[in-house]
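J.: Structure in structure tokens, see below.
The values are calculated or read from the model by the stated rules, or taken from the named source; none is laboratory data. Computed from a predicted structure; not experimentally measured. Backbone-built Cβ (ideal geometry, glycine too); neighbour counts: all protein chains shown.
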Amino acid sequence: MFVTPSFKDIFESNLVLKLLRLSISHAKPYKAWIAAVIVLQLISTVAALYLPTLNARIIDEGIAKGDTDFIWSTGVTMVVVCFIQVISAIGGIYFGARTAMAIGRDLRREVYYRVNALGALDVSHFGTATLITRNTNDVQQVQMLLLMALNFMVSTPIMCIGGIIMALREDVGLSWLVWVSVPLLFAVVGFLVVKLLPLFREMQDRIDTVNGVLREQITGIRVIRAFVREDYEAGRYRDANLALTKVSVKVGNLFVLMFPVIMMILHLATAAVLWFGGHRVDAGQMQIGSLTAFLQYLLQILVAVMMGVFMVMMIPRAAISAERLDEVFSAEPSLAVPVGADQPERHEVEFSAVSFGYPGAERPVLNNVSFTAREGQTTAIVGSTGSGKSTLLNLIPRLFDPQAGTVRIGGVEVSELSRSQMAELVGLVPQKPYLFSGTVASNLKFGRPDAGDDELWEALRVAQAKDFVDGKPHRLNTPIAQGGINVSGGQRQRLCIARALAARPRIYLFDDSFSALDVATDQRLRESLADATTGATVIIVAQRVSTIREADHIIVLDGGEVVGAGTHEELLESNATYREIVESQLSVEGAG
Amino acid sequence: MMRKNKAESSTAESSTAGSKETAERDAEAQALEELVPEYTPTEADGDMFGGTPAKKAEHFWPSVKRLVGLLRPESAQFSLVVVLVTVSVVMTVIAPKILGAAMDVIFNGVIGSRLPQGVPLETLVAAQRAAGNEQFADMLAKANMVPGAGIDFVELSRLIVIVLVLYMVASTLVWLQGYLLNALVMRVVYKLREDIERKLNRLPLGYFDTRQRGDLMSRVTNDVDNIQAALQQAFSQLVQSALTVLGIGVMMFIVSWQLALIALIALPLSAVIAGVIGSRSQKLFAAQWKHTGSLNGHVEETFSGLELVRAYGRDTEMLAEFDERNEHLFKASFGAQFVSGMIMPAMAFVSYLSYVLVAVVGGVRVATGQMTLGDATAFIQYSREFSQPIGEMAGIANMIQSGVASAERTFEILDADEQDAEEDSELLPARTDGHVRFENVSFGYAPETPLIRDVSFTVEPGQTVAIVGPTGAGKTTLVNLVMRFYEVTGGRILLDGVDTRELSREQVRSQVGMVLQDAWLFEGTIRENIRYGRLDATDEEIVAAAKATMVDKFVRQLPDGYDTVVDADGGTVSAGERQLLTIARAFIASPSLLILDEATSSVDTRTELLVQHAMAALRTDRTSFVIAHRLSTIRDAHTILVMEDGDIVEHGNHEQLLAHRGAYYKLYMTQFQGGRDLDEEMAAEAH
């Protein structure tokens, strides 16, 4: 979960530095635009600061002397200054928005490209969900901070410093009011903000708890009702709700202080200017127009200080996001770029002394694994969960590299084959049947975009998916939702198989790909598959005895090592692990 | 400005393909959905005019009425808040006028000090007129000054004290109303949340099964948060802004109606600018959401299916697609940010223009003695404060719109039909024998598509009933009827001879223990999760139940043992171990009736064996309904119910049904095609 850190955390770590570095390095291409932002905001701020001076002149030279011509001509100047102000302000926003959004775009692209360049291992190290968040929300956070920075963080200090200079120009004698009121406002608002931030974080946690309880209640509705735990759950919810309400009230109570306190400070400053300014005017040390101008400058400065404090509040979250982006950018892909080799002519898959472990793991997932899956044969890999079956399968399309040993296809090391070469060779049906949004056809063409409809139908027929696709009103153009969640698990699995078939690879990898099928369908599928994959190398990871026993060759994995190899009968005879697996699988699974 | 951080509550929501098959839903599909968060716009997305894209309410005014109705129990306090706001606004609005008077005191003092002392003002005015300074003479005539005297500091201090008191009281009132309103809104929101919780417990199970889970969750979480924000900020601000606009308008006319008319020119101009830019920027923001969603969808898709993208060599296409969508998003968000960013300077421009106009015309009027300088400065302040609440109101309108839409979605839940009232006319003993009888039971969500047709059978206490049949045959529906998750539409179900409809649901369910495929645990320790089966179970009983159901051993291997926290998504414990925990939970409840749904998904071989043993331990001496997938379970069952299309097509024990050579035989043969050989083989191995 994403947590807003405290200011202390932020400034003690070098998160802000990272945010700064990330921003600066990505702002380089837009130097000219940023320069434009600064110049335009400078102009608009100076123009805005000039207006009270002009107004002061109207009072001193125009009104006090009764010179209406002067009033009118100064009025025209003011209108011109206004125009300059608005045009440069809008221009500043144009370039500011453009720059911030462009940097956002670049960051998104960089994350996306980087993740695509990373190995599957690096991706699983991060976790898919967090990478998605980093690519979207985290970039968004940084982008919005940049936008605010470009829109306000440039103009705010200009307004502050310019305001002080102008105020001093009007009257130095009153300047002590600036030195008193600005730190006072800064201290009060800063105090409230510092108090509020941890409470905001706590409130967010409480909201998450309340929502988490509700979420559990909805997903576990059957269990709750079955155990008649409605009251218990209501109690759990009430506790969470009370805690949330309590902290929300606390936040609210601090929050409602903010506005009146700021208001009070601004008005105290106004009164002070009038009172002390009045004395100076009376003593002839200051003109009355300067008094009003001074007042306006002071208010402008105070508003700028306030904006500055609020702006600073945005930094912690963006800094955390920048850190998370930086992690992705600095991740080194663990896969070396292939040197390029000729496409192999034979397609047997050979593992020699392959070992593989996830970084940081105590035990390797695969340990010194050697075997050969022959062309034209079906090789089954069996073993309990965690025995390394899927890992083994994923080494073949080089989703990651082994730490030791080699994987070869037709004698060529897989690390020498380019991605497109690999795609031509290997058809993978993953454990989690995943479909992309689009249509049935677009999914089937995933591996071979130029496949014709006939070929797609043939693939569907073999995968036992023809009937249900045929039954849909739009047939091949049936829309598929992201992930394929609008078709059942079994249908999804069959479409994934059809996708692999349509790609017509030389090596088929089925990673527990029949688990969601009922046994009759499974049986038919295996029969048709046997014909369709004739001559190809087929490697199957499976749990069902019925699937395994038909394989030409069975590899038994246990604890990452090959503990047996042979046919069903041989292994049943000689291999204790295999026997144990078969015993536990002796069932009529899929009856339901 | 400082809106509460809603951003982080936009946690990933899943969306379920809701259908009548939900009951037989695919656990894997759900695991997948968790990976696919629905994009919820966050504050960080930078719509400064209302945060989330305003979902339109379908019945806006009725929903507004109802939303306001939520405040009714607090109407006394709410009225007080409105009064306080009104008073504070009036005071805030009067103050500039008095400041203007203070300015006059200074100005008059300055002018007066330049004039010779002791000479009557009339003489001086006449002298100026004689000198041809008509305008200055007019001004002098209008001004209230004593020639030769400096600033009247007694008067000045009096005015400044009044202003300070006004502001102090106003600030205190603003704080007080905020304080009251905050507590008030939190009470209302607390109650709303409680109402939703109570409602969720009263909704029939069918409600949950026929709706998208993600949508439901979003309604009870995000939408309620949204209502809270709308109530907390929008309502009070709306009152305050509207009153301020009104008050300032009135004051402007009081000070100078001529200048007020000039300043009012700015009003339609501001409105037009706010309207034109505002609606344009809303459209652009909508486009930005759309493109954000589209890009995020693509990112989710690519990252979730990365191994496939890799294995099928689609990298280039995916990157190209990303670049295209990313560029669209850039253009859309740039447009949205630019146009919405323009509002502030544009409004400021209008306000500057009216400021200049007021300054010039006011200056001329002061110089010609038609108004005092103090009034002019007061007026300038009014005109500057005028445009701010107008701009705020546009943002508030958007927030209210989105809050009302959320309220409407929440009210829909609160209005949903609840489960039928309880009969509760009969009582069962604390522990029944577990005698179950189905008499001509029928059930369907809709009459024309019955899911269960005319089912009758009897189960004796302690017997195990295995329910087999293909997907969609109605196996889960059958056990849902036993649990009274759904009510039969025909016939009746008897528990120890009592029609279950004459019992409270609570009574029925407290007799039944349930272990589902979807091993639901709540976020809490293992101990708490087991105790969920019987809340008064002692720690010793929990350990005993854990031992009986093969849980104890793996729990002891965990660093925190029974205090290990499991979360809703797993992590610390494997799928098989979660299953074991649900068995332990049912075990400790010690029900007389059991419903077991054997997992089809493949878990670790050894854990699988443990699960089977644990389930067997659980079944001992209890009447059990098992949705069975394992041959051993089915073979050992006293009765096998073979279901097809909502009918029980056969029942009997394994041998009888095999001899009958009917549906069961076919099922058995297709699934095992030679399974008998294998069985024999296995039997041989075992000996």
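J.: One residue is enough: does the range B:272-295 have a residue meeting the conditions in a helix (DSSP H, G or I), at the interface with another protein chain (Cβ under 7 Å from one of its Cβ atoms) and in contact with a helix residue (DSSP H, G or I) (Cβ under 6 Å, 6 or more places away or on another chain)? Show your work before the answer.
T.: Pass one, the range B:272-295, residues in a helix (DSSP H, G or I): B:272-295.
Applying the additional criterion that residues be at the interface with another protein chain (Cβ under 7 Å from one of its Cβ atoms) yields none.
No, the range B:272-295 contains no residue that is in a helix (DSSP H, G or I), at the interface with another protein chain (Cβ under 7 Å from one of its Cβ atoms) and in contact with a helix residue (DSSP H, G or I) (Cβ under 6 Å, 6 or more places away or on another chain).
J.: Among the candidates B:Gly313, B:Gly369, single out the residue that is outside any helix (DSSP H, G or I) and farther than 24 Å from A:Gly62 by Cα. I'd like the intermediate steps shown before the answer.
T.: Values: B:Gly369 fails: farther than 24 Å from A:Gly62 by Cα.
Every option except B:Gly313 fails the conditions.
J.: Which one of these is within 7 Å of another protein chain (Cβ to nearest Cβ), among the small types (Gly, Ala, Ser), free of Cβ contacts under 8 Å to residues at least 12 places away in the same chain and assigned to a helix (DSSP H, G or I): B:Gly363, B:Gly341? Spell out the reasoning first.
T.: On the way: B:Gly363 fails: free of Cβ contacts under 8 Å to residues at least 12 places away in the same chain.
Of B:Gly363, B:Gly341, the one residue that is within 7 Å of another protein chain (Cβ to nearest Cβ), among the small types (Gly, Ala, Ser), free of Cβ contacts under 8 Å to residues at least 12 places away in the same chain and assigned to a helix (DSSP H, G or I) is B:Gly341.
Residue-by-condition table, conditions (1) surrounded by fewer than 19 Cβ atoms within 10 Å (Cβ to Cβ); (2) modelled with pLDDT of 85 or more:
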{"position": "A:Val228", "(1), (2)": "yes, no"}
{"position": "A:Glu233", "(1), (2)": "no, yes"}
{"position": "A:Arg238", "(1), (2)": "yes, yes"}
{"position": "A:Leu244", "(1), (2)": "no, yes"}
{"position": "A:Ser248", "(1), (2)": "no, yes"}
{"position": "A:Phe255", "(1), (2)": "no, no"}
{"position": "A:Met258", "(1), (2)": "no, no"}
{"position": "A:Met263", "(1), (2)": "yes, no"}
{"position": "A:Ala269", "(1), (2)": "no, yes"}
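J.: From the residues in the range B:436-456 that are at pLDDT 85 or above and over 25 Å from B:Arg622 (Cα atoms), which one is surrounded by the fewest Cβ atoms within 10 Å (Cβ to Cβ)?
T.: Of the residues in the range B:436-456, the ones at pLDDT 85 or above are B:436-443, B:456.
Pick out the ones that are also over 25 Å from B:Arg622 (Cα atoms) and you get B:442-443.
Details: B:Ser442: 17, B:Phe443: 21.
It comes out as B:Ser442.
J.: Checking A:Glu216 against (1) at the interface with another protein chain (Cβ under 8 Å from one of its Cβ atoms); (2) part of a helix (DSSP H, G or I); (3) in contact with a helix residue (DSSP H, G or I) (Cβ under 8 Å, 6 or more places away or on another chain): exactly one of these is not met. Which one?
T.: Checking A:Glu216 against (1) at the interface with another protein chain (Cβ under 8 Å from one of its Cβ atoms); (2) part of a helix (DSSP H, G or I); (3) in contact with a helix residue (DSSP H, G or I) (Cβ under 8 Å, 6 or more places away or on another chain), the one that fails is (3).
J.: Here's something else I'd like to know. Scanning the range B:293-325 for residues that are touching a Leu at 6+ places or on another chain (Cβ under 6 Å) and either aromatic (Phe, Trp, Tyr) or more than 20 Å from A:Val429 (Cα to Cα) (or both), which turns out surrounded by the most Cβ atoms within 10 Å (Cβ to Cβ)?
T.: Across the range B:293-325, the extreme among qualifying residues is B:Leu295.
J.: Here's a follow-up. For the range B:632-646, check the following and say yes or no: at least one residue is facing chain A (nearest Cβ under 9 Å) and either surrounded by fewer than 22 Cβ atoms within 10 Å (Cβ to Cβ) or in contact with a Leu (Cβ under 6 Å, 6 or more places away or on another chain) (or both).
T.: Applying the first criterion (facing chain A (nearest Cβ under 9 Å)) to the range B:632-646 yields B:632-634.
Next cut, either surrounded by fewer than 22 Cβ atoms within 10 Å (Cβ to Cβ) or in contact with a Leu (Cβ under 6 Å, 6 or more places away or on another chain) (or both) only: B:632.
Among the residues of the range B:632-646, at least one is facing chain A (nearest Cβ under 9 Å) and either surrounded by fewer than 22 Cβ atoms within 10 Å (Cβ to Cβ) or in contact with a Leu (Cβ under 6 Å, 6 or more places away or on another chain) (or both), which makes the answer yes.
J.: Further question on the same structure: Might you check whether a residue that is part of a helix (DSSP H, G or I), touching a Gly at 6+ places or on another chain (Cβ under 9 Å), closer than 21 Å to B:Ile98 by Cβ and not assigned by TED's automatic domain parsing to the domain that holds A:Val123 occurs anywhere in the range A:260-273? It would help to see each step written out before you state the result.
T.: From the range A:260-273, those part of a helix (DSSP H, G or I) are A:260-273; that's our starting set.
If we keep only those that are touching a Gly at 6+ places or on another chain (Cβ under 9 Å) too, we end up with A:260.
With the extra rule that they be closer than 21 Å to B:Ile98 by Cβ, the set shrinks to A:260.
The next check asks that each one be not assigned by TED's automatic domain parsing to the domain that holds A:Val123; those that pass are A:260.
Within the range A:260-273, one or more residues are part of a helix (DSSP H, G or I), touching a Gly at 6+ places or on another chain (Cβ under 9 Å), closer than 21 Å to B:Ile98 by Cβ and not assigned by TED's automatic domain parsing to the domain that holds A:Val123.
J.: Would you check which residues across the range A:264-290 are more than 26 Å from A:Val188 (Cα to Cα) and not β-branched (Val, Ile, Thr) and list them? If you could, list the steps in order and put the result at the bottom.
T.: Filtering the range A:264-290 down to residues more than 26 Å from A:Val188 (Cα to Cα) leaves A:278-290.
Scanning the range A:264-290 gives A:Gly278, A:His279, A:Arg280, A:Asp282, A:Ala283, A:Gly284, A:Gln285, A:Met286, A:Gln287, A:Gly289, A:Ser290.
J.: For the range B:103-127, give me each residue that is out of contact with any Ser or Thr (no Cβ under 9 Å at 6 or more places or on another chain) and aliphatic (A, V, I, L, M). Outline the logic, then answer.
T.: Within the range B:103-127, the first condition is being out of contact with any Ser or Thr (no Cβ under 9 Å at 6 or more places or on another chain), and the residues that meet it are B:105-106, B:109-127.
Across the range B:103-127, the qualifying residues are B:Val105, B:Ile106, B:Val110, B:Ile111, B:Leu115, B:Val119, B:Leu121, B:Leu124, B:Val125, B:Ala126, B:Ala127.
J.: Criterion first (away from chain B (no Cβ under 13 Å), touching a strand residue (DSSP E or B) at 6+ places or on another chain (Cβ under 8 Å) and crowded, with 19+ Cβ neighbours inside 10 Å) does A:Val469 satisfy it? Write out each step before concluding.
T.: On the way: away from chain B (no Cβ under 13 Å): yes; touching a strand residue (DSSP E or B) at 6+ places or on another chain (Cβ under 8 Å): no; crowded, with 19+ Cβ neighbours inside 10 Å: yes.
In short, no.
J.: Condition check: closer than 30 Å to B:Leu516 by Cβ and part of a helix (DSSP H, G or I). Does A:Arg169 satisfy that?
T.: On the way: closer than 30 Å to B:Leu516 by Cβ: no; part of a helix (DSSP H, G or I): yes.
So A:Arg169 fails the test.
J.: Given the conditions (1) at pLDDT 85 or above; (2) in a strand (DSSP E or B), which single one is not true for B:Ala545?
T.: Condition not satisfied by B:Ala545: (2).
J.: Is at least one residue of the range B:230-246 over 20 Å from B:Asn398 (Cα atoms) and more than 14 Å from chain A (Cβ to nearest Cβ)? Walk me through it before giving the result.
T.: Restricting attention to the range B:230-246, the residues satisfying the condition of being over 20 Å from B:Asn398 (Cα atoms) are B:246.
So of that shortlist, the ones also more than 14 Å from chain A (Cβ to nearest Cβ) come out as B:246.
Yes, some residue in the range B:230-246 is over 20 Å from B:Asn398 (Cα atoms) and more than 14 Å from chain A (Cβ to nearest Cβ).
J.: How many residues are at the interface with chain B (Cβ under 9 Å from one of its Cβ atoms), in contact (Cβ under 8 Å) with a residue 12 or more places away in the chain and under 16 Å from A:Arg134 (Cβ atoms) when one looks only at the range A:60-105?
T.: Residues that pass the stated criteria total 1.
J.: Scanning for something in a helix (DSSP H, G or I), without any contact (Cβ under 8 Å) to a residue 24 or more places away in the chain and crowded, with 16+ Cβ neighbours inside 10 Å, does the range B:218-229 turn up at least one residue? Explain how you work it out, then say what you get.
T.: Just the residues of the range B:218-229 that are in a helix (DSSP H, G or I), to begin with: B:218-220, B:222-229.
Remaining after also requiring without any contact (Cβ under 8 Å) to a residue 24 or more places away in the chain: none.
Within the range B:218-229, none of the residues are in a helix (DSSP H, G or I), without any contact (Cβ under 8 Å) to a residue 24 or more places away in the chain and crowded, with 16+ Cβ neighbours inside 10 Å.
J.: For the range A:558-569, name all the residues that are closer than 17 Å to A:Gln377 by Cα and away from chain B (no Cβ under 12 Å).
T.: A:Ala565, A:Gly566, A:Thr567
J.: Quick one: count up the residues across the range B:448-491 that are part of a strand (DSSP E or B) and over 24 Å from B:Leu503 (Cβ atoms). If you could, list the steps in order and put the result at the bottom.
T.: Of the residues in the range B:448-491, the ones part of a strand (DSSP E or B) are B:449, B:452-459, B:464-468, B:490-491.
Going one step further and asking which of them are over 24 Å from B:Leu503 (Cβ atoms), we end up with B:449, B:453, B:466, B:468.
Total meeting the criteria: 4.
J.: Can you tell me how many residues within the range B:615-632 are among the aliphatic types (A, V, I, L, M) and without any contact (Cβ under 8 Å) to a residue 12 or more places away in the chain? Give the derivation first.
T.: Filtering the range B:615-632 down to residues among the aliphatic types (A, V, I, L, M) leaves B:615-618, B:626-628, B:631.
Filter once more, keeping what is without any contact (Cβ under 8 Å) to a residue 12 or more places away in the chain: B:616.
Summing the residues that are among the aliphatic types (A, V, I, L, M) and without any contact (Cβ under 8 Å) to a residue 12 or more places away in the chain in the range B:615-632 gives 1.
J.: Here's another thing I want to ask about it. Could you check the range B:139-176 and list, in sequence order, the residues that are in a helix (DSSP H, G or I), touching a residue at least 40 places away in the same chain (Cβ under 8 Å) and more than 8 Å from chain A (Cβ to nearest Cβ)?
T.: B:Leu140, B:Ala141, B:Lys142, B:Glu155, B:Leu159, B:Ile162, B:Leu166, B:Val169, B:Leu173, B:Leu176
J.: For B:Val356, state whether it is at the interface with chain A (Cβ under 7 Å from one of its Cβ atoms) and in a helix (DSSP H, G or I). Show your work before the answer.
T.: Values: at the interface with chain A (Cβ under 7 Å from one of its Cβ atoms): yes; in a helix (DSSP H, G or I): yes.
Yes: the conditions hold for B:Val356.
J.: How about the range B:357-401: which of its residues are among the polar types (S, T, N, Q) and modelled with pLDDT under 75? Explain how you work it out, then say what you get.
T.: Here is the first cut: in the range B:357-401, the residues among the polar types (S, T, N, Q) are B:368, B:370, B:372, B:377, B:381, B:383, B:387-388, B:398, B:401.
Once the filter is applied, which keeps residues that are among the polar types (S, T, N, Q) and modelled with pLDDT under 75, the range B:357-401 yields B:Ser387, B:Gln388, B:Asn398.
J.: Go through (1) more than 25 Å from B:Leu308 (Cα to Cα); (2) at pLDDT 80 or above; (3) within 11 Å of chain B (Cβ to nearest Cβ) for A:Leu509 and report which single condition fails.
T.: So A:Leu509 meets the others, but not (1).
J.: Would you be able to tell me the number of residues in the range B:250-270 that are farther than 18 Å from B:Asp375 by Cβ and surrounded by 14 or more Cβ atoms within 10 Å (Cβ to Cβ)?
T.: In the first step, residues of the range B:250-270 are kept if they are farther than 18 Å from B:Asp375 by Cβ; the result is B:265-270.
Those still in the list that are surrounded by 14 or more Cβ atoms within 10 Å (Cβ to Cβ) too: B:266-267, B:269-270.
Adding up the residues that qualify gives 4.
J.: Do you know which residues across the range A:245-265 are over 15 Å from A:Arg201 (Cβ atoms) and either at the interface with another protein chain (Cβ under 7 Å from one of its Cβ atoms) or touching a Ser or Thr at 6+ places or on another chain (Cβ under 6 Å) (or both)?
T.: A:Thr245, A:Val249, A:Gly252, A:Asn253, A:Val256, A:Leu257, A:Phe259, A:Pro260, A:Met263, A:Met264
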